[in-house]
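A short write-up of the structure that comes next.
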Amino acid sequence: MSAPLIKQFGTVPIHTHILKSVLEDYKAPMARIARLQKKGQLLNLRRDLYICLPEEGSPSRELIANHLLHPSYVSYETVLSAKGVIPERVHTTKSACMKRNKVFENATGRYEYLHVSDAYFPIGLIKQTTNEGYCYTSASTEKALCDLIISFPNLRIQSVKAMRFYLENYLKTDWNIISNMDTSIIRACAETTNKKKNELKLLEKAICYERG
């Protein structure tokens with residue numbers, strides 16, 4: 001049964017009620033689900049959410065992140081590291097959401113969700129595609145940087161010079177990428193958020209200054 005499941009759903013997370021409907025010919029669908037888990041063919045991500053495990057490779061953590069808590073989008077260091085904006089490798093998949101802060105841990109890794117306001121949430125989002133061709137929602141690099149800045153409650157930056165120091169010495173950002181960012185996204189974030197509004201304005205000014 002695992003082959004038809006992976007063929008039908010691929011590595012897209014599946015809710016329990018969908019699995020039960022597919023396994024309705026079995027007298028005890030939940031027992032069948034438990035057996036598939038023991039065989040390593042099906043993985044429980046959280047309550048009522050599963051994923052079929054491929055024979056080779058690993059499922060996309062970004063795709064999983066979108067499904068663990070909805071609506072949400074992948075952001076923060078996860079995006080900035082993947083796009084080469086910051087040099088550090090990250091092991092936790094971080095996302096923004098409109099609900100309360102949340103953390104999930106399962107066999108695929110650790111997933112953190114940070115709250116942002118409803119009005120701020122949709123700015124600067126893009127669709128990305130996994131290696132298997134599935135789509136997930138991610139922050140653009142501009143939005144991910146804004147998200148990261150507003151997520152630090154004790155961050156206080158009062159000048160363009162201080163913003164450049166923060167980007168260069170604390171985040172160790174790649175200015176070749178930063179200088180080409182779409183400042184209209186940063187401006188929209190600054191106009192919408194109630195957090196770090198001044199810092200985001202200084203970020204926009206620092207980028208404009210870098211361009212000359």
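The values are calculated or read from the model by the stated rules, or taken from the named source; none is laboratory data. Quick caveat: nothing in here was measured; it's all calculated off a predicted structure. Please note: Cβ atoms are built from the backbone with ideal geometry, for glycine as well, and neighbour counts cover all protein chains shown. Calculation scope for accessible area: heavy atoms of the full protein, side chains included, ligands and nucleic acids excluded. Shrake-Rupley method; radii C 1.70, N 1.55, O 1.52, S 1.80 Å.
Just to be sure before I move on: is TYR111 over 21 Å from ARG47 (Cβ atoms) and surrounded by 15 or more Cβ atoms within 10 Å (Cβ to Cβ) in the structure I sent? Spelling it out, it is not the case that TYR111 is over 21 Å from ARG47 (Cβ atoms) and surrounded by 15 or more Cβ atoms within 10 Å (Cβ to Cβ).
Apart from one condition, ALA65 fits all of (1) over 19 Å from the mean Cα position of the chain (by Cα); (2) closer than 21 Å to ASN131 by Cβ; (3) hydrophobic (A, V, I, L, M, F, W, C); the exception is (1).
Let's see how each residue does on (1) among the basic types (Lys, Arg); (2) touching a Ser or Thr at 6+ places or on another chain (Cβ under 6 Å); (3) open to solvent by less than 30 Å² (accessible area, probe 1.4 Å); (4) at negative phi:
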position	(1), (2), (3), (4)
LEU167	no, yes, yes, yes
TRP175	no, no, no, yes
MET181	no, no, yes, yes
ARG187	yes, no, no, yes
ALA190	no, no, yes, yes
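Looking only at the range 55-67, filter to residues that are part of a loop (DSSP other than H, G, I, E, B) and of a type in the set (Asp, Glu); which one of those is surrounded by the most Cβ atoms within 10 Å (Cβ to Cβ)? Talk me through it step by step, then tell me what you get.
Taking the range 55-67 as the starting set, the residues that turn out to be part of a loop (DSSP other than H, G, I, E, B) are 55-60.
When the remaining residues are screened for being of a type in the set (Asp, Glu), the result is 55-56.
Values: GLU55: 8, GLU56: 4.
This residue is GLU55.
Matching residues to (1) among the polar types (S, T, N, Q); (2) within 18 Å of SER95 (Cα to Cα):
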{"position": "LEU114", "(1), (2)": "no, yes"}
{"position": "GLY133", "(1), (2)": "no, no"}
{"position": "PRO153", "(1), (2)": "no, yes"}
{"position": "THR183", "(1), (2)": "yes, no"}
{"position": "ALA188", "(1), (2)": "no, no"}
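Here LEU148, LEU125, LEU171, LEU155 are screened, and the one residue that is surrounded by fewer than 19 Cβ atoms within 10 Å (Cβ to Cβ), of a type in the set (A, V, I, L, M) and under 17 Å from the mean Cα position of the chain (by Cα) is LEU125. Within the range 122-148, the set of residues being within 13 Å of TYR73 (Cβ to Cβ) and out of contact with any helix residue (DSSP H, G or I) (no Cβ under 9 Å at 6 or more places or on another chain) comprises PRO122, LYS127.
Filtering the range 70-96 to residues that are crowded, with 21+ Cβ neighbours inside 10 Å and either among the charged types (D, E, K, R) or over 10 Å from the mean Cα position of the chain (by Cα) (or both) leaves GLU77, LEU80, VAL85, ILE86, LYS94.
The set of residues in the range 177-203 being of a type in the set (Lys, Arg), under 19 Å from ASP118 (Cα atoms) and assigned to a helix (DSSP H, G or I) consists of ARG187, LYS197. Under the condition of being more than 21 Å from the chain's Cα centre (by Cα) and within 17 Å of LEU63 (Cβ to Cβ), the residues counted in the range 4-50 number 6. Anything in the range 13-54 that is touching a residue at least 24 places away in the same chain (Cβ under 8 Å), surrounded by fewer than 17 Cβ atoms within 10 Å (Cβ to Cβ) and not in a helix (DSSP H, G or I)? List them, or say none. Scanning the range 13-54 gives HIS15, LYS39, ASN44, ARG46, ASP48, PRO54.
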